[in-house]
Amino acid sequence: MKRICFVLQVKPDRLDEYRERHRTVWPEMLAALRETGWTNYSLFLRPDGLLVGYLETEDFERARAGMAQRDVNERWQRQMAGFFVQPEGKLPDRAMEPLEEVFHL
């Protein structure tokens, strides 16, 4: 199992709404994540909008590709795109770049 960590930047004026959206993630989105190999998935949000994501998966690229084929993911990403500071037109799931793991105990 590989550990994956990534960072994104949530717009500071949208933090409360971002938190609220994640209190009510669609059941079909949760099912799709599980079915495509996303396990132990967490998001951590700093007050300035820095978002740190962590997950475990056998193959991150395969897990991403599996989600990219799901209609529910496309709908979710389009709804969430306005929350992030990122290049115009790039959906959040395409902006997730894994960080290099430099230490693990």
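The values are calculated or read from the model by the stated rules, or taken from the named source; none is laboratory data. The structure displayed is predicted, hence computed values, not measured ones. Don't worry about glycine lacking a Cβ; one is built from the backbone with ideal geometry, like all the others, and counts go over all protein chains shown.
Is there a residue being on the phi > 0 side of the Ramachandran plot and among the polar types (S, T, N, Q) anywhere in segment 23-40? Spell out the reasoning first.
Filtering segment 23-40 down to residues on the phi > 0 side of the Ramachandran plot leaves 37, 40.
Now drop any that are not among the polar types (S, T, N, Q), which leaves 40.
Yes, segment 23-40 contains at least one residue that is on the phi > 0 side of the Ramachandran plot and among the polar types (S, T, N, Q).
Which residues, taken from segment 31-49, are loosely packed, with under 14 Cβ neighbours inside 10 Å and assigned to a strand (DSSP E or B)? Step through it out loud before you land on a result.
Filtering segment 31-49 for residues loosely packed, with under 14 Cβ neighbours inside 10 Å gives 31, 34-35, 39-40, 42, 44, 46-48.
39, 40, 42, 44 - these are the residues of segment 31-49 that are loosely packed, with under 14 Cβ neighbours inside 10 Å and assigned to a strand (DSSP E or B).
Which residues, taken from segment 12-30, are surrounded by 13 or more Cβ atoms within 10 Å (Cβ to Cβ) and under 29 Å from residue 102 (Cβ atoms)?
15, 18 - these are the residues of segment 12-30 that are surrounded by 13 or more Cβ atoms within 10 Å (Cβ to Cβ) and under 29 Å from residue 102 (Cβ atoms).
Can you report the number of residues in segment 2-30 which are touching a strand residue (DSSP E or B) at 6+ places or on another chain (Cβ under 8 Å) and in a helix (DSSP H, G or I)?
Final tally of qualifying residues: 4.
Please count how many residues of segment 81-105 are buried (at least 18 other Cβ atoms within 10 Å of the Cβ) and assigned to a helix (DSSP H, G or I). It would help to see each step written out before you state the result.
Of the residues in segment 81-105, the ones buried (at least 18 other Cβ atoms within 10 Å of the Cβ) are 83-84, 92.
Subset that is assigned to a helix (DSSP H, G or I): 83, 92.
Here the count works out to 2.
Can you report the number of residues in segment 50-73 which are buried (at least 17 other Cβ atoms within 10 Å of the Cβ) and part of a loop (DSSP other than H, G, I, E, B)? Break it down stepwise before answering.
Looking only at segment 50-73, we keep the residues that are buried (at least 17 other Cβ atoms within 10 Å of the Cβ), and these are 51, 53, 55, 57, 60, 63-64, 66-67, 70, 73.
From what is left, the residues that are part of a loop (DSSP other than H, G, I, E, B) are 70.
Adding up the residues that qualify gives 1.
Among the residues of segment 73-86, are any over 14 Å from the mean Cα position of the chain (by Cα) and either of a type in the set (D, E, K, R) or modelled with pLDDT of 95 or more (or both)?
no
List the residue pairs whose Cβ atoms are under 6 Å apart, where the first residue sits in segment 64-88 and is within 16 Å of residue 26 (Cα to Cα) and touching a residue at least 12 places away in the same chain (Cβ under 8 Å), the second is part of a helix (DSSP H, G or I) and of a type in the set (S, T, N, Q), and the two are 6 or more positions apart or on different chains.
Final answer for the pair search is 67/73.
Using beta carbons and a limit of 7 Å, which pairs, at least six apart or on different chains, have the first residue in segment 25-36 and free of Cβ contacts under 8 Å to residues at least 60 places away in the same chain and the second one part of a loop (DSSP other than H, G, I, E, B) and of a type outside the set (Asp, Glu)?
As it stands, the answer is 32/70, since those pairs meet every condition given.
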